[in-house]
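Shown next, in structure tokens, is the structure this report addresses.
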Amino acid sequence: MEEAEFFCPSCNEDTEHEILKESGNLLVKCLNCGHVHNVEKEPEPKEIRVRAIISIERDSMKGTIELLEDERISVGDLLAAETEDGESLGVEVSSIEIDDKRVGNAQASDIGTIWARVVDRVILKVSYHDGRETIPLYVEYGGEDDIVIGETYRSGQYRYKVTHIKLRNGAMMRKEGWKAYARKIKRVYGTKAVY
């Protein structure tokens, strides 16, 4: 038995109703007084396709993101985007554009373009210090992979222990055991791991 709150003409107020039948309109029964009546069914929100500019590191491509027209989207939201050649990618909203203005959040139907970056696979910049010099490494991770301070990782011939992490929002993490999703990291700092 599905229940919802509707206006009851007999009670003259909003009360809990049992939904008896769903067709064009709803047939409902007031659980307060037992009155049976029709209620107009709310229209389903339409799905719309919003233009997207999708960044993968230094490259960008065009695509679309399918949303419900009344859905509210914010910077930082994780969504699924489709590229022009039909590839589906997990992305994070980095900016929202309405009439050539950038905003922090908006209703989908008002959005002109969503700027997003791919987060299901990310390339992390790792500053690897071997005791004498710092070597830049570029390591691919899943966007939801945890990078943990104090843990040891490998990239080709290099094994490094993570000493600190710089996040995309500018914060620096240094405490052993702290971790962050790869998609939230700007740079990883590590020292040569001893076997």
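Here are the numbers for this structure:
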quantity	calculated
Enumeration of residues in the stretch 119-137 that are hydrophobic (A, V, I, L, M, F, W, C) and touching a Ser or Thr at 6+ places or on another chain (Cβ under 7 Å)	VAL126, LEU137
Among (1) under 29 Å from LEU79 (Cα atoms); (2) more than 22 Å from the chain's Cα centre (by Cα); (3) not small (Gly, Ala, Ser), the one test that ILE165 misses	(2)
Test for GLY86: is it of a type outside the set (Lys, Arg), free of Cβ contacts under 8 Å to residues at least 24 places away in the same chain and not in a strand (DSSP E or B)	yes
Strands (runs of 3 or more DSSP E) (entirely within the stretch 1-70) containing at least 2 residues that are more than 30 Å from SER94 (Cβ to Cβ) and modelled with pLDDT of 90 or more	3-8, 13-22, 26-30, 36-39
LEU89 vs. criteria crowded, with 16+ Cβ neighbours inside 10 Å, touching a strand residue (DSSP E or B) at 6+ places or on another chain (Cβ under 6 Å), over 30 Å from ALA4 (Cα atoms) and not aromatic (Phe, Trp, Tyr)	yes
THR15 farther than 30 Å from ARG183 by Cα and surrounded by 12 or more Cβ atoms within 10 Å (Cβ to Cβ)	yes
Answer from ARG154, ARG174 - the residue that is surrounded by fewer than 16 Cβ atoms within 10 Å (Cβ to Cβ), touching a His at 6+ places or on another chain (Cβ under 6 Å) and modelled with pLDDT under 95	ARG174
Whichever residue in the stretch 94-122 is among the charged types (D, E, K, R) and outside any loop (DSSP other than H, G, I, E, B) and, among such residues, is surrounded by the most Cβ atoms within 10 Å (Cβ to Cβ)	ARG117
Tally of residues being out of contact with any helix residue (DSSP H, G or I) (no Cβ under 9 Å at 6 or more places or on another chain) and touching a residue at least 60 places away in the same chain (Cβ under 8 Å) across the stretch 124-168	7
Members of the stretch 60-70 that are crowded, with 17+ Cβ neighbours inside 10 Å and either in contact with a Gly (Cβ under 8 Å, 6 or more places away or on another chain) or under 26 Å from PRO43 (Cα atoms) (or both)	ILE65, LEU67
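The values are calculated or read from the model by the stated rules, or taken from the named source; none is laboratory data. Keep in mind it's a predicted model, so treat the numbers as computed, not measured. Reconstructed Cβ throughout: ideal geometry from the backbone, glycine too, with neighbour counts over all protein chains shown.
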